[in-house]
Amino acid sequence: MAHLFVDSTYDLTLGLLKDDFSWAKFSTFPNQKASEILQLETLNLCTEAGIEVRDLKSVICVSGPGFYTGLRLSEGFVDVLKFSGIKGYSFYSYEVLPLLGIKEGNWVTKAYRGEYFIHALKGEETENILIPSKELKDFVVDKSHFYIHSEKSIDDLGRECMPNAIGTIELIQKHPEIFKAIIEKNFQRESYYFRAPEDEFRTNV
């Protein structure tokens, strides 16, 4: 049996893990509407590996931080699979760092209302903060070791300020062994949204 990885935080990423926690398949679908391809690409992934979706051992998704629409897509999909008896797990993007033994760094992503979200990690101490975009340049001057979810998760200002930032989605691809720890530690993270549903779907009248 295999484990399915789903991430629709920004672009859709799907991966199929073997029992030894190596990748059987790992694919990212940039600039495509995830809601239109998630089910089909999951089916294709499993078909290529010669397994049925119902035979998956578990499904693991990223629960943020991120925006409501992107997160709810993968979380809703995971819920459906869980109803079918498949075990479900979830984790935050910035948790990749301690899972890999990284003890210091700043995980940065776009938030809302012109702000940046920062998860600061220093040893056992962590802090989640929001700063206005105008303060990002000053923040990075005094800090080091920057990480992001992916290129899609930051804007031009972020790229200018953090040109050498490492993507956690890249680290996930290189180090699939982290999923063994996620399952063994039974990671079950609540959704971490940047924007409440009532703001996400607000209409102007």
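The values are calculated or read from the model by the stated rules, or taken from the named source; none is laboratory data. This one's a predicted model, so the numbers in the text were calculated from it and none came from an experiment. A quick note on method: Cβ atoms are made from the backbone with ideal geometry, for glycine too, and the neighbour counts reach across all protein chains shown.
Taking the options 50, 66, name whichever one is out of contact with any Leu (no Cβ under 6 Å at 6 or more places or on another chain) and either in contact (Cβ under 8 Å) with a residue 12 or more places away in the chain or among the aliphatic types (A, V, I, L, M) (or both).
66
Any residue in region 138-162 that's over 21 Å from residue 64 (Cα atoms) and assigned by TED's automatic domain parsing to the domain that holds residue 105: show its pairings with residues that are in a helix (DSSP H, G or I) and not hydrophobic (A, V, I, L, M, F, W, C) at Cβ separation under 7 Å, as long as the two are six or more apart or on different chains.
157/133; 161/137
Just to confirm my filter: which strands (runs of 3 or more DSSP E) fall fully inside region 100-205 and include at least 2 residues that are modelled with pLDDT under 95 and loosely packed, with under 14 Cβ neighbours inside 10 Å?
Passing ranges, in order: 125-132.
Can you tell which of 114, 76 is small (Gly, Ala, Ser), assigned by TED's automatic domain parsing to the domain that holds residue 164 and over 18 Å from residue 150 (Cα atoms)?
114
Within region 1-18, take every residue that is surrounded by fewer than 20 Cβ atoms within 10 Å (Cβ to Cβ) and of a type in the set (D, E, K, R) and give me the one that is nearest to residue 88 (Cα to Cα).
This residue is 18.
Which residue out of 77, 21, 26 is in contact with an Asp or Glu (Cβ under 7 Å, 6 or more places away or on another chain) and either assigned to a strand (DSSP E or B) or surrounded by 14 or more Cβ atoms within 10 Å (Cβ to Cβ) (or both)?
From the options 77, 21, 26, the qualifying one is 21.
For region 51-80, what are the residues that are closer than 14 Å to residue 39 by Cα and touching a Gly at 6+ places or on another chain (Cβ under 7 Å)?
59, 78
From the list 58, 84, 63, 90, which residue is out of contact with any Pro (no Cβ under 7 Å at 6 or more places or on another chain), buried (at least 19 other Cβ atoms within 10 Å of the Cβ) and farther than 25 Å from residue 147 by Cβ?
58
Go through the residues of region 29-50 one by one and say whether even a single one is surrounded by fewer than 17 Cβ atoms within 10 Å (Cβ to Cβ), closer than 15 Å to residue 81 by Cβ, β-branched (Val, Ile, Thr) and modelled with pLDDT under 95.
Within region 29-50, none of the residues are surrounded by fewer than 17 Cβ atoms within 10 Å (Cβ to Cβ), closer than 15 Å to residue 81 by Cβ, β-branched (Val, Ile, Thr) and modelled with pLDDT under 95.
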